[in-house]
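Trainee: Below is a structure I'd like to ask you about.
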Amino acid sequence: MEINRRLWLKNVGLGIAGIGMTNMNSFASPLPLVSENVFDNLEPQNNFITLRSNENPYGPSPLARKAFADNLTLSNRYNWEIATQLISNLAVKNNVKDENILLGAGSTEILDLVAKFAASQKGNYVIADPSYEYWTATLDSLGLKKIKVPLNADKKIDLQAMLKAVDKDTKLVYICNPNNPTGTICERNELVNFVNNVPPTAIVLIDEAYLEFTKQQSLSGLISTHPNIVVAKTFSKIYGLAGARIGYAIADTTLINNLANLQSNTNNSVSVLSKLAAIASLKDNKFVSDCSSQNEIARKYTIDELQKLNCECIPSNTNFIYFSLTNYKKDYFQKLKDNNIEGTRIYVEQGKWTRITVGTMQEMKQFIKALQ
Ligand SMILES: Cc1ncc(COP(=O)(O)O)c(C=O)c1O
């Protein structure tokens, strides 16, 4: 219990310091299991609003809920065929071959496998600062030296500077596109130019956890010409399956095999139910586009209101907003705590930059009301 609590507090950060463990009850499914319209019934539950981890407040999709409900009784079997089916569907969706896909328990497992593979030889890795870092402890403990490259003045990943930081000892370069926590995106042609210039001795890990919130095309098309690229994808964000833990890698066959060799139960660390929910989610295009539009509306509202409160906001391509508390004169974290709202930490002291997840419109109205 002590260890769990310590880990929990570490991950949660400053945003909810002080909110009691009893509130964890509020993570119980707030939405009906099978519903025609998941955009109804959106009042926050238990007076507790979680805007910390960029989850989808509307998910899982109706088709995914039905898949969970209908297939519960399959849980007594390993059923490897379902992995094969999901892999085929993902290959079609991404216009690659089945052997270019590896399934993981969330994209975190994929990032972890890439970390283990990259760190099998001594050297360094290059990462933007700030970027998504929770998975990099594996790289650090396996002995790769971390090279952090500051974002540019627009809080975008500075691809030129990243390239300059890459040297003969670089084993891995991580690009989170769009970037977490800033929500900024690199132009696709600049990314293509970037990967063309990274030496083949370094793996380029492109994390597209939030790409579905944008109109930009994935870099997965480059794997046939770039055997050193891994694209990490997840069902946790727009598909609303964060708790189901399902993600995947897209890469050249040799690289996929190298990663698969590090995964004991290759393609089967994910439960049968989660895989079936993922298969169903891929068919629910309407849910994806509805989530995207709802997110845009609630995001615009939140940015407009934060600006009225003198908080500078970085234009966002995602379901979260990066904003500055420098000119906000009240105690932001106290306001969150008083109103049972879970945000996250300060990422950069200078400018007091923090991040808030875009929840439902009702949740964002309560968030803004809490700050006023
Ligand atoms: C950029 C990015 N990558 C990966 C993940 C991990 O997602 P999951 O393991 O749920 O797929 C997250 C989660 O917040 C993220 O923000």
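Trainee: Residue under question is Arg355, and the condition is that it be of a type in the set (D, E, K, R), within 20 Å of the chain's Cα centre (by Cα), buried (at least 20 other Cβ atoms within 10 Å of the Cβ) and at pLDDT 95 or above; does it hold?
Mentor: Here the answer is yes, as Arg355 does meet what is asked.
Trainee: Moving on. Going through segment 335-354 one residue at a time, which ones are over 9 Å from Leu51 (Cα atoms) and either touching a Phe, Trp or Tyr at 6+ places or on another chain (Cβ under 7 Å) or of a type in the set (S, T, N, Q) (or both)? Break it down stepwise before answering.
Mentor: Here is the first cut: in segment 335-354, the residues over 9 Å from Leu51 (Cα atoms) are 335-340, 345-354.
Matches in segment 335-354: Asn339, Asn340, Ile346, Tyr347, Gln350, Trp353, Thr354.
Trainee: Right, another one. Of these, Asn340, Asn327, which one is exposed (fewer than 15 other Cβ atoms within 10 Å of the Cβ) and either farther than 29 Å from Glu212 by Cβ or modelled with pLDDT of 95 or more (or both)?
Mentor: Selected residue: Asn327, the only one of Asn340, Asn327 that is exposed (fewer than 15 other Cβ atoms within 10 Å of the Cβ) and either farther than 29 Å from Glu212 by Cβ or modelled with pLDDT of 95 or more (or both).
Trainee: Can I ask one more? Looking at Lys215, is it farther than 30 Å from Gln350 by Cβ, away from the ligand (no atom under 16 Å from the Cβ) and part of a loop (DSSP other than H, G, I, E, B)?
Mentor: Criteria met by Lys215.
Trainee: What do you reckon, is Phe323 within 22 Å of Pro130 (Cα to Cα) and either away from the ligand (no atom under 16 Å from the Cβ) or charged (D, E, K, R) (or both)?
Mentor: On the way: within 22 Å of Pro130 (Cα to Cα): yes; either away from the ligand (no atom under 16 Å from the Cβ) or charged (D, E, K, R) (or both): yes.
So Phe323 passes the test.
Trainee: State which residue pairs qualify: first residue assigned to a helix (DSSP H, G or I) and inside segment 93-110, second residue within 15 Å of the ligand (Cβ to nearest atom) and open to solvent by 60 Å² or more (accessible area, probe 1.4 Å) in any location, beta carbons under 6 Å apart, and separation of 6 or more residues or different chains.
Mentor: Gly106/Arg245
Trainee: List the number of the failed condition for Leu306; all other conditions in (1) surrounded by fewer than 15 Cβ atoms within 10 Å (Cβ to Cβ); (2) over 19 Å from Ile238 (Cβ atoms) hold.
Mentor: (1)
Trainee: Are there any pairs, at least 6 apart or on different chains, whose C-beta atoms fall under 7 Å, with the first in segment 48-72 and free of Cβ contacts under 8 Å to residues at least 40 places away in the same chain and the second of a type outside the set (Ser, Thr, Tyr) and within 16 Å of the ligand (Cβ to nearest atom), and if so, which?
Mentor: none
Trainee: Looking at segment 137-158, which of its residues are in a loop (DSSP other than H, G, I, E, B) and touching a residue at least 24 places away in the same chain (Cβ under 8 Å)?
Mentor: Across segment 137-158, the qualifying residues are Leu142, Gly143, Leu144, Leu151, Asp154, Lys155, Lys156, Ile157, Asp158.
Trainee: So which of Leu159, Leu111 ends up being closer than 23 Å to Leu222 by Cα, buried (at least 20 other Cβ atoms within 10 Å of the Cβ) and more than 14 Å from the chain's Cα centre (by Cα)?
Mentor: Leu159
Trainee: Check segment 194-201 and report whether any residue there is closer than 22 Å to Trp135 by Cα and in contact (Cβ under 8 Å) with a residue 60 or more places away in the chain.
Mentor: No - not one qualifying residue is present in segment 194-201.
Trainee: Considering only residues of segment 97-108 that are over 13 Å from Ser269 (Cβ atoms) and within 22 Å of the chain's Cα centre (by Cα), which is farthest from the ligand (Cβ to nearest atom)? Reasoning before the result, please.
Mentor: Applying the first criterion (over 13 Å from Ser269 (Cβ atoms)) to segment 97-108 yields 97-101.
Pick out the ones that are also within 22 Å of the chain's Cα centre (by Cα) and you get 100-101.
Numbers: Asn100: 19, Ile101: 15 Å.
The residue in question is Asn100.
Trainee: Let me ask you something else. Any residue at all in segment 195-202 that is open to solvent by 10 Å² or more (accessible area, probe 1.4 Å) and in contact with a Lys or Arg (Cβ under 9 Å, 6 or more places away or on another chain)?
Mentor: yes
Trainee: Those residues that are away from the ligand (no atom under 16 Å from the Cβ), open to solvent by 40 Å² or more (accessible area, probe 1.4 Å), farther than 20 Å from Glu55 by Cβ and touching a helix residue (DSSP H, G or I) at 6+ places or on another chain (Cβ under 8 Å), I need them from segment 259-297; list them, please.
Mentor: Result: Leu262, Thr266, Lys283.
Trainee: Related question: Please verify whether Thr266 is in contact with an Asp or Glu (Cβ under 9 Å, 6 or more places away or on another chain) and part of a loop (DSSP other than H, G, I, E, B), treating the condition exactly as stated.
Mentor: no
Trainee: With (1) more than 26 Å from Ser271 (Cα to Cα); (2) buried (at least 18 other Cβ atoms within 10 Å of the Cβ); (3) away from the ligand (no atom under 16 Å from the Cβ); (4) not charged (D, E, K, R) as the list, and Ile256 as the residue in question, which single condition is left unmet?
Mentor: For Ile256, the failing item is (1).
Trainee: Does Gly183 count as in the same structural domain as Ile256 (by TED's automatic domain parsing), open to solvent by less than 50 Å² (accessible area, probe 1.4 Å) and more than 16 Å from the ligand (Cβ to nearest atom)?
Mentor: Taking the combined requirement at face value, the residue does not satisfy it.
The values are calculated or read from the model by the stated rules, or taken from the named source; none is laboratory data. None of these values were measured; they are calculated from a predicted model. Here Cβ is always computed from backbone atoms with ideal geometry, including for glycine, and neighbour counts include all displayed protein chains. Heavy atoms of the whole protein, side chains included, go into the accessibility calculation; ligands, DNA and RNA do not. Shrake-Rupley method; radii C 1.70, N 1.55, O 1.52, S 1.80 Å.
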